[in-house]
Structure formats: C-alpha cells, structure tokens
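The values are calculated or read from the model by the stated rules, or taken from the named source; none is laboratory data. Not measured: the values here are computed from a predicted model. We place every Cβ from the backbone using ideal geometry, glycine too, and count neighbours over all the protein chains shown. The protein model used for the area step is the full one, side chains on, heavy atoms only, and it has no ligands, DNA or RNA in it. Shrake-Rupley method; radii C 1.70, N 1.55, O 1.52, S 1.80 Å.
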Amino acid sequence: MTDTYAVFGDPIAHSKSPYIHRQFAEQTGQDLAYTRQQVPSAQFEQAADAFFAGGGKGLNITAPLKLDAYGYAARLTVRARRAGAVNTLARQPDGTLLGDNTDGIGMINDMHNLGWKIADQRVLILGAGGAVRGVLQPLLEQAPASVSIANRTLHKAEQLAKGFVDLGTIEPLGYESLSGRQFDLVINGTSASLSGDLPPLPDDLLAPGAACYDMMYSAEPTVFLQWAEQHGARHQADGLGMLVGQAAESFYLWRQVRPEVIPVITSLRRSLGAKR
Ligand code: ATR
C-alpha cells in the first residue's frame, strides 16, 4: 500500500511541500502520496488523530501549528526540544509519534551547498522569534567564532541566549549596539521582510567578503538582500534552499533515503521567476 504523508498549516494553499516531496519521491523511486491540509490551530489534535488513525506515516507542520505539534508528539528529538517547535512528525514502527525539527539543519545544509563557511565566522542573527530559535543548535554546532543576536525587543534576545548557554555563547544586542561592529555572516530571521521592512542596520555592518542569508524567500530579492547587495555583501541567498533542505531532512527521517536538493531548488526558483 502507498504510504501517505501530508503538510498541515493555515493557510496552506500556497505550500510548496507537496511539490517538493513528490519530486523527492520520483527521484528516489519511493512509493508515497503527499497532500496538503488546512488545519486551524484549534483543530490540530483532532486532524492529526484522524490522519494517523487513517494509516498516515508522517506530517510536515507549518505556521501556525509548530507549537501544537510540539505538544502532540509522544517523543521529541534533541533538536526539536531545543527548537521548542516541531515541523515533522514521524510514525515509528511501534506506533508512537516522533517530533523532529529539520528547519535548522535545512538552513545549515543550504549554506554548505552554497559553499559558505560557518566555522570561525562572526555570525549575526537578526530577530529572536521562533524561526531563530529553530536554527540555533545546528548553527552553534558549526563552531562559528561568535554568535550575536540583534532584536528590537532586547529581552527576547537575552532569553534566547540564556536557553543555549550550555551549547555556546550567544551575545544579545539591541540594533543600536551594532554600530562599529562587523560580521562575516548575517542571517535575517525577522518576519520584517514579509511586510517589506528592514531592521535598522548600520552601513558598515558587513566585513569584507561577508555573506547574507534571508530565511524568507520571494521571487524578487527581499529587502534584506537588497540591503546586502548595496552594502558590499559577497554572497547572498534567500530561504528557498532552506525550505527544500528542511523537506529533504524530513524525507530522510521518514524514508531513510537522501534526495537531491539542487534540482528541486532550481525548478522552484524557475517557477517563482515565471510568476513575476
Ligand atoms: P517567527 O516565528 O517568524 O520567528 P515571531 O516569533 O513572531 O515569528 O518573531 C518575529 C521576529 O521578527 C521577532 O524577532 C520580531 O522582533 P520583536 O521580538 O522585537 O517583535 C522581529 N520583527 C518583526 N517585524 C520587525 C520589524 N519591522 N523590525 C524589526 N524586527 C521585526
């Protein structure tokens, strides 16, 4: 029988996950079906119960349900616990549900595919919300020279830093404290791009040769990547590769097979451009 998977979220109509996982399945010859389902937060438990009772093997979980899924999973991977959120549920052979979070490793793998160096780099992350918390453990594991988090609301950056002290030092900053500082890798994890906003960044923030990564993606360069271009970044990338990367790790958790991400990123990029 064909194994079934789905992505839950709200809204979900524009989710690229069904396309990505069908491409992975085709590439690797895996027999699976993957659908999308709009699930409001209040109905998460009921919808997940029904999905797994019907024989479903695994779910991807997107906004705003990652905390619901965190509470729902019977067991959590270490990285999901650190992230405080679950983007992947996998039914185990004993019937229990494992909650994982593949967002952070998806971003790190994308940076590796881009040929970017993380080890020994001075890393600055903009934002201190759920998206940022999701990537901190995998990022710290790459042994950067330093990790700083700038946030509009300073105490949220301080709280995040405290939660990871056993894994490494994170310096919490307000945006005003960035003046005079330089970084080799700047990651935008704020939701500001969604509304076309940019946190206030000093003109000389980027060290020579710096790379800028936006966790968001869009057909046109995001405002942050436009800023990066204007301020001398050598490398820039948006979060399309992170999206495909997190999907690849979910696929691996479910199927124990590693799909190729590059052809899927390329075809998604092409279809984004075509809608311009
Ligand atoms: P997500 O799950 O996408 O991380 P979130 O948890 O609501 O969403 O976090 C959004 C992040 O974007 C926060 O760090 C927020 O800053 P505050 O903590 O100060 O609210 C940041 N953010 C959103 N809009 C912003 C803007 N216009 N300028 C600067 N930071 C912004």
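See the values below:
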item: Region 1-51 - residue that is in contact with a Phe, Trp or Tyr (Cβ under 6 Å, 6 or more places away or on another chain) and under 15 Å from Gln246 (Cβ atoms) and, of those, surrounded by the fewest Cβ atoms within 10 Å (Cβ to Cβ); result: Pro18
item: Exclusive hit being at pLDDT 95 or above and surrounded by fewer than 24 Cβ atoms within 10 Å (Cβ to Cβ), set Gly209, Gly196, Gly241, Gly189; result: Gly209
item: Given (1) more than 24 Å from Asp203 (Cβ to Cβ); (2) open to solvent by less than 20 Å² (accessible area, probe 1.4 Å); (3) without any contact (Cβ under 8 Å) to a residue 40 or more places away in the chain, index of the condition Ile118 fails; result: (3)
item: Residue in region 183-199 that is assigned by TED's automatic domain parsing to the domain that holds Leu140, on the phi > 0 side of the Ramachandran plot and away from the ligand (no atom under 14 Å from the Cβ) present; result: no
item: For Ile105: the one exception among (1) part of a loop (DSSP other than H, G, I, E, B); (2) closer than 30 Å to Asp214 by Cβ; result: (1)
item: Count of region 60-84 residues which are within 19 Å of Gln38 (Cα to Cα) and of a type in the set (A, V, I, L, M, F, W, C); result: 5
item: Ala119 being within 19 Å of the chain's Cα centre (by Cα) and part of a loop (DSSP other than H, G, I, E, B); result: no
item: Pro200 of a type outside the set (A, V, I, L, M) and assigned to a loop (DSSP other than H, G, I, E, B); result: yes
item: Test: residue in region 23-41 that is hydrophobic (A, V, I, L, M, F, W, C), touching a helix residue (DSSP H, G or I) at 6+ places or on another chain (Cβ under 8 Å), in contact (Cβ under 8 Å) with a residue 12 or more places away in the chain and farther than 20 Å from Glu260 by Cα; result: yes
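This table checks each residue for (1) aromatic (Phe, Trp, Tyr); (2) surrounded by 15 or more Cβ atoms within 10 Å (Cβ to Cβ); (3) assigned to a loop (DSSP other than H, G, I, E, B); (4) modelled with pLDDT of 95 or more.
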| position | (1), (2), (3), (4) |
| --- | --- |
| Leu136 | no, yes, no, yes |
| Ala143 | no, no, yes, yes |
| Val147 | no, yes, no, yes |
| His155 | no, no, no, yes |
| Glu158 | no, yes, no, yes |
| Ala161 | no, yes, no, yes |
| Val165 | no, no, yes, yes |
